[in-house]
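Peer 1: Let me give you the structure first, and then I'll get to my questions.
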């Protein structure tokens with residue numbers, strides 16, 4: 001047995017370490033124009049029960065607030081120190097919907113976040129048309145809890161930031177130069193299946209994802 005073991009180890013030591021490596025594959029590329037990227041992203045997101053709306057940049061606060069009221073949202077969390085957070089606050093006039101600011105440390109109001117917040121709105125860094133995925137880079141203004149905890153997540157997406165493929169997003173935005181501690185790819189609302197493949201939504205995150213494509 002020791003002889004057999006030594007023969008095997010000897011062959012492994014003498015083997016060319018490069019020979020067994022798979023050949024490099026070039027990242028997939030697509031030549032989709034802006035409207036085709038929007039179409040493909042929308043199609044894939046809707047296939048997994050995400051809700052997609054397209055609107056002009058200036059009109060998104062009114063549309064978001066209208067959707068929220070129609071869904072019975074009573075509390076909406078936003079980031080007050082962001083441009084879109086300030087824009088939403090300036091457009092908010094409803095007495096039936098309370099706009100709450102994420103402006104304190106989570107330890108001081110964790111129970112409120114988990115038990116009282118109906119929805120949250122965040123920006124996105126971009127999206128991937130090929131897979132129907134949102135790209136979020138959470139920061140201190142919009143930590144990942146905003147997109148993971150409330151039952152409804154409103155995501156604002158600039159139409160010009162929809163990339164054809166993930167490789168294109170990484171390359172064109174030069175992710176290699178630096179990334180946040182957390183980067184999120186979101187493809188539809190949270191879902192999970194039991195052993196019988198029965199889907200349940202909202203088990204590990206928002207049960208509804210509503211994307212507003214701006215522009």
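Peer 1: From 77, 63, which residue is part of a strand (DSSP E or B) and either surrounded by 15 or more Cβ atoms within 10 Å (Cβ to Cβ) or in contact with a strand residue (DSSP E or B) (Cβ under 8 Å, 6 or more places away or on another chain) (or both)? Before the answer, list the steps.
Peer 2: Working: 63 fails: part of a strand (DSSP E or B).
Matching residue, one of 77, 63: 77.
Peer 1: Does region 147-172 hold any residues that are out of contact with any helix residue (DSSP H, G or I) (no Cβ under 9 Å at 6 or more places or on another chain) and in contact (Cβ under 8 Å) with a residue 12 or more places away in the chain, and which are they?
Peer 2: As a first pass, look at region 147-172 and keep what is out of contact with any helix residue (DSSP H, G or I) (no Cβ under 9 Å at 6 or more places or on another chain): 147-148, 151, 165-168, 171-172.
Matches in region 147-172: 147, 148, 151, 165, 166, 167, 168, 171.
Peer 1: Out of region 80-99, which residues are under 21 Å from the mean Cα position of the chain (by Cα) and not in a helix (DSSP H, G or I)?
Peer 2: Within region 80-99, 80, 81, 82 qualify.
Peer 1: Out of 191, 207, I need the residue that is under 16 Å from the mean Cα position of the chain (by Cα) and modelled with pLDDT under 90. Which one?
Peer 2: On the way: 207 fails: modelled with pLDDT under 90.
Testing whether each residue is under 16 Å from the mean Cα position of the chain (by Cα) and modelled with pLDDT under 90 leaves just 191.
Peer 1: Another one. Among (1) surrounded by fewer than 17 Cβ atoms within 10 Å (Cβ to Cβ); (2) within 16 Å of the chain's Cα centre (by Cα), there is one condition residue 173 misses while meeting the rest; what is its number?
Peer 2: Among (1) surrounded by fewer than 17 Cβ atoms within 10 Å (Cβ to Cβ); (2) within 16 Å of the chain's Cα centre (by Cα), the lone unmet condition for residue 173 is (2).
Peer 1: From the residues in region 90-109 that are farther than 23 Å from residue 51 by Cβ and either surrounded by 13 or more Cβ atoms within 10 Å (Cβ to Cβ) or in contact with a helix residue (DSSP H, G or I) (Cβ under 9 Å, 6 or more places away or on another chain) (or both), which one is modelled with the lowest pLDDT? Even if it seems obvious, please write down each step before you answer.
Peer 2: Of region 90-109, the ones farther than 23 Å from residue 51 by Cβ are 90, 93, 95, 101, 103-109.
Applying the additional criterion that residues be either surrounded by 13 or more Cβ atoms within 10 Å (Cβ to Cβ) or in contact with a helix residue (DSSP H, G or I) (Cβ under 9 Å, 6 or more places away or on another chain) (or both) yields 90, 93, 101, 106, 109.
Numbers: 90: 92, 93: 83, 101: 94, 106: 86, 109: 86.
Filtering first and then ranking leaves 93.
Peer 1: Going by what's in this entry, would residue 180 be described as in contact (Cβ under 8 Å) with a residue 12 or more places away in the chain, surrounded by 16 or more Cβ atoms within 10 Å (Cβ to Cβ) and not in a strand (DSSP E or B)? Lay out the reasoning, then the answer.
Peer 2: Numbers: in contact (Cβ under 8 Å) with a residue 12 or more places away in the chain: yes; surrounded by 16 or more Cβ atoms within 10 Å (Cβ to Cβ): no; not in a strand (DSSP E or B): yes.
For residue 180, the condition - in contact (Cβ under 8 Å) with a residue 12 or more places away in the chain, surrounded by 16 or more Cβ atoms within 10 Å (Cβ to Cβ) and not in a strand (DSSP E or B) - is not met.
Peer 1: Further question on the same structure: Go through region 39-60 and give me each residue that's outside any strand (DSSP E or B) and surrounded by fewer than 17 Cβ atoms within 10 Å (Cβ to Cβ). First the steps, then the outcome.
Peer 2: Taking region 39-60 as the starting set, the residues that turn out to be outside any strand (DSSP E or B) are 39-50, 56-60.
Listed by number, the residues that qualify are 39, 43, 46, 47, 48, 49, 56, 57, 58, 59.
The values are calculated or read from the model by the stated rules, or taken from the named source; none is laboratory data. Only a predicted model underlies this, so the values are computations on that prediction, with no experimental measurement involved. Here the Cβ is made from the backbone with ideal geometry for all residues, glycine too, and neighbour counts use every protein chain on show.
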